[in-house]
């Protein structure tokens, strides 16, 4: 049997040691994956935080309240002479064949649909009516003061204060952007003043001030 000397043993172990060292070094250099804790992944600080998952509020659906200037699509099944698309007049009423004058303002689409159906039963055996708010024009907000285009704007879709400022063309030269506020009328007739500091909001601070507008809100830019 061949005898292995100490020197030859060192020579044989050296490649094995180098292979093991290379494997350990490669494992150390690979990115570590975070193990879930209690079924949840750890937050990644490099990713933006989602502030809110609240859905938009204003949509012309079943709970929408019709107002003057809104455009309604009224369809009576198999009755094209009665079906039509028409705006709600400033007095809140609309006119339909057979039905005549009918109050639309202050009604939801479902309420108006039921009202028209009831009126048509005197002339049709089984009227089937559909009312859709095709264009929202009654919901408006105002923006006044140091903006490029102050005035009254249609709130046709959900908008925040920042959206409204952009819609009005941005700030005029001498606008005091840290002293903006929103005037909102409560149901009891009182006024609520909500401050809006543009400089803070765009820096990611006080983001709650960029509230979603409601019909009748007035944004004041000093």
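The values are calculated or read from the model by the stated rules, or taken from the named source; none is laboratory data. The model shown is predicted, which means the values in this text are computed figures rather than measured ones. No Cβ is skipped: glycine too gets one built from the backbone with ideal geometry, and neighbour counts run over all protein chains shown.
Side notes on the structure shown:
- Qualifying residue in the stretch 141-148 (condition: outside any strand (DSSP E or B), more than 24 Å from residue 90 (Cα to Cα) and free of Cβ contacts under 8 Å to residues at least 12 places away in the same chain): no
- Scanning the stretch 159-174 for residues that are more than 14 Å from residue 201 (Cα to Cα) and not in a helix (DSSP H, G or I) turns up 159, 168, 169, 170, 171, 172, 173, 174.
- Residue check for residue 144: surrounded by 14 or more Cβ atoms within 10 Å (Cβ to Cβ) and outside the structural domain of residue 211 (by TED's automatic domain parsing): no
- Residue in the stretch 194-211 that is surrounded by 13 or more Cβ atoms within 10 Å (Cβ to Cβ), out of contact with any strand residue (DSSP E or B) (no Cβ under 7 Å at 6 or more places or on another chain) and free of Cβ contacts under 8 Å to residues at least 12 places away in the same chain present: yes
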